[in-house]
1. Does the chain come out rounded, prolate or oblate, given a ≥ b ≥ c as the square roots of the eigenvalues of its C-alpha gyration tensor, rounded meaning a/c under 1.5 and, failing that, prolate meaning a/b above b/c?
2. How many angstrom lie between the Cα centre of the range 190-207 and the Cα centre of the range 69-107?
3. Quick check on the range 134-246: take the gyration tensor over C-alpha atoms, sort the square-rooted eigenvalues as a ≥ b ≥ c, and tell me if it's rounded (a/c under 1.5), prolate or oblate.
4. Taking a label point 7 Å from the Cα of A173 along the Cα→Cβ vector, which residues of the range 79-102 have an amide N closer than 14 Å to it?
5. Going by average Cβ density within 10 Å per residue, which order do the peptides 162-168, 128-134 take, highest to lowest?
6. For Y242, what is the net charge nearby, where nearby means another residue's Cβ is under 14 Å from its Cβ and Lys, Arg count +1, Asp, Glu -1?
7. Rounding to the nearest 20 debye, state how big the charge dipole of the range 124-251 is about its Cα centre with +1 on each Lys and Arg Cβ and -1 on each Asp and Glu Cβ.
8. In debye, nearest 20, what is the charge dipole magnitude of the chain about its Cα centre with +1 on Lys and Arg Cβ and -1 on Asp and Glu Cβ, if you could check?
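What follows is calculated from the coordinates using simple rules that are stated; it is not laboratory data. Nothing here was measured: the structure is a model prediction, and the numbers come from that model. Don't worry about glycine lacking a Cβ; one is built from the backbone with ideal geometry, like all the others, and counts go over all protein chains shown.
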Amino acid sequence: MSKKIIAVCAVLTLLLFGLKLTCCGANKQKIEDGKMKYTLTELEYPVDALEPWIDAETVAIHHGKHQAAYVANLNKAMEAEPNFKFDGSVEALISNLDAVPESIRTAVRNNGGGVWNHTFYWRGLSPEKSEPSPELMSAIKESFGSFDEFKKQMNAAAVGRFGSGWAWLGVSADGKLKICSTPNQDSPIMGDVAGACKMIPILTIDVWEHAYYLKYQNRRPEYAECIWNIINWKRVSQRYQYALDKKKVLL
């Protein structure tokens, strides 16, 4: 069976399960019984828009199955603590994990991180070609010496992350760019949980196997190199400027 037929079958399967396939910006929420009910929202592009670098089947399953499961499990965790009345965003929730009841803290950390990290990842990709803003390019060269050296270090963070996790580019407390990686679904916005990776992120590469295995199998370095063809530099540049101006993350 050809890859194109497999991709079509994957899309049709997800449609039969009622999942939206043009999916995911910020995670929409609605309030039920005094707390948020988080939902999976739509991507900013069709599932096949990132071809040939990320195949349609991977995007459909990655978003419609994997991220959807994180949303469902986050809601399940929140429902397990009816006295924990929280009506904020996923970002606000995982940015202050100490305020989350200990009984559900790990589940919120893992699943809330899974929801937010994926949304951040999808929004950092685009089928439309773009370039870093002059300000961001200048900062990249100042921090890493050259754009090629920046890519080399970012790829090393992605490939070198043992097991599952994420490679990140962000703005550190001193305003300079920094590269790091986190395990599992941990995120730079998780405060002390992030350890040395605590910063304002502006770009991420998902290195969980489900992000690339259907197309690249065990060739993570190839996936890390190919993803540069679909980076949404317009969004990343906006995030960089927002981090400098507002000292906050822009999803």
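1. Values: a/c = 1.72, a/b = 1.08, b/c = 1.59.
Note, shape of the chain comes out oblate.
2. The range 190-207 and the range 69-107 have Cα centres separated by 19 Å.
3. On the way: a/c = 1.91, a/b = 1.33, b/c = 1.44.
The shape class here is oblate.
4. Answer for this model: none.
5. Values: 162-168: 18.6, 128-134: 13.1.
For the peptides 162-168, 128-134, the packing ranking is 162-168, 128-134.
6. Details: positive: R123, K234, R235, R239, K246, K247, K248; negative: E91, E135, D245.
Charge balance in the 14 Å sphere: +4.
7. Values: 17 positive and 14 negative charges, 28 e Å.
Roughly 140 debye for the range 124-251.
8. Values: 30 positive and 28 negative charges, 11 e Å.
I would put it at about 60 debye.
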